[in-house]
Amino acid sequence: NMSDTLNLALLQTDIVWENKHANFRKVEQLLAENTEPTDVVVLPEMFSTGFSMNSKQLSEPGDGETVQWLKKLSQKYNVALAGSFIAGENEKCYNRGFFITPQDTQFYNKRHLFRMGGEHNHFAAGSKQLITSFRGFNIGLIVCYDLRFPVWIRNVNNRYDLLICVANWPQPRAKVWNTLLQARAIENVAYVCGVNRVGTDGIGLHYIGQSQVIDFKGNVITDSGAGECLAHVQISRSALQKFRQKFPVWQDADAFDIMP
């Protein structure tokens, strides 16, 4: 049953610093070589620029060049695309997550800004979660540092089946990345897909990728290692639903409100 499964492609790139067109070409090349069945292609955080604080210079409107290019790509390959880019709106800049399908474009402005890298000085924080639906799966999207904040991404009443985290998560904190991805999958009884970049960025931070998909029991289904690659994973909705019925932790979760 095709609608029971979702084919994820984790596009782990060495992002060319602040060079949108070079990064577009890189993504185009990796997708042109892809022969596997694919429903969702997940790119790293700020896939087109790297994690740059030159937000004013690099920002573009929500329907600007990057989004137009993503829409064309989505239609060409009949896939959804997730990642983030630098968006500018009303004199503010956002680290803007996107989930773009051949039919539809949705955005998520990163809520938790990475203060240790000065992100809060160059970007405005978002205030709305994104949970969307695609090919029978409900999908949540978060960006990098958000992964550390479980209340924000708590899966109340199984609102999502898959949580996607797009990141530029540096190598010294690789243990944290691996641990939190597994913890989020376990506590939310959902699949978690984390996609991280590789290589060294323009301010000398080094990244070792380790893009991966974790199942609802916390098992790592794939790990992309440290090189540039496109990794494939298939996830199953019926397997998830069976486990949620058999082991309904979610029924005992605490109700709460997030303050604005």
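Scanning region 1-23 for residues that are under 23 Å from residue 192 (Cβ atoms) and open to solvent by less than 50 Å² (accessible area, probe 1.4 Å) gives 4, 5, 6, 7, 8, 9, 10, 11, 12, 13, 15.
Going by the conditions given, is residue 100 farther than 16 Å from residue 21 by Cβ, in contact with a helix residue (DSSP H, G or I) (Cβ under 8 Å, 6 or more places away or on another chain) and either surrounded by fewer than 20 Cβ atoms within 10 Å (Cβ to Cβ) or hydrophobic (A, V, I, L, M, F, W, C) (or both)? Here the answer is yes, as residue 100 does meet what is asked.
Counting the residues of region 76-92 that are open to solvent by less than 10 Å² (accessible area, probe 1.4 Å) and either β-branched (Val, Ile, Thr) or without any contact (Cβ under 8 Å) to a residue 40 or more places away in the chain (or both) gives 4.
Filter region 112-163 down to residues that are open to solvent by 60 Å² or more (accessible area, probe 1.4 Å), in a loop (DSSP other than H, G, I, E, B), at negative phi and not small (Gly, Ala, Ser), then give me how many there are. Final tally of qualifying residues: 6.
What about residue 69, is it in contact (Cβ under 8 Å) with a residue 12 or more places away in the chain, open to solvent by 10 Å² or more (accessible area, probe 1.4 Å) and part of a loop (DSSP other than H, G, I, E, B)? Considered against the rule, which asks whether it is in contact (Cβ under 8 Å) with a residue 12 or more places away in the chain, open to solvent by 10 Å² or more (accessible area, probe 1.4 Å) and part of a loop (DSSP other than H, G, I, E, B), residue 69 comes out as no. Determine whether region 35-52 contains at least one residue that is open to solvent by 40 Å² or more (accessible area, probe 1.4 Å), farther than 24 Å from residue 114 by Cβ and in contact with a strand residue (DSSP E or B) (Cβ under 6 Å, 6 or more places away or on another chain). Checked against the condition, which is being open to solvent by 40 Å² or more (accessible area, probe 1.4 Å), farther than 24 Å from residue 114 by Cβ and in contact with a strand residue (DSSP E or B) (Cβ under 6 Å, 6 or more places away or on another chain), region 35-52 yields at least one hit.
Table: residues versus (1) farther than 23 Å from residue 149 by Cβ; (2) surrounded by fewer than 17 Cβ atoms within 10 Å (Cβ to Cβ); (3) out of contact with any Cys (no Cβ under 8 Å at 6 or more places or on another chain).
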| residue | (1), (2), (3) |
| --- | --- |
| 187 | no, yes, yes |
| 193 | no, no, no |
| 203 | yes, yes, yes |
| 210 | no, no, yes |
| 223 | yes, yes, yes |
| 227 | yes, yes, yes |
| 230 | yes, no, yes |
| 247 | yes, yes, yes |
| 257 | no, yes, yes |
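All conditions but one from (1) of a type in the set (Ser, Thr, Tyr); (2) assigned to a helix (DSSP H, G or I); (3) without any contact (Cβ under 8 Å) to a residue 40 or more places away in the chain apply to residue 48; the one that does not is (2).
Being open to solvent by 10 Å² or more (accessible area, probe 1.4 Å) and either under 23 Å from residue 7 (Cα atoms) or among the aromatic types (Phe, Trp, Tyr) (or both) is the filter here, so list the residues in region 170-179 that pass it. Passing the criteria: only 178.
The values are calculated or read from the model by the stated rules, or taken from the named source; none is laboratory data. Note that the structure is predicted; figures quoted are calculated from it, not measured. Note: ideal-geometry Cβ built from the backbone for every residue, glycine included; neighbour counts use all protein chains shown. Accessible surface is based on the protein model in full, side chains and every heavy atom, while ligands, DNA and RNA are left aside. Shrake-Rupley method; radii C 1.70, N 1.55, O 1.52, S 1.80 Å.
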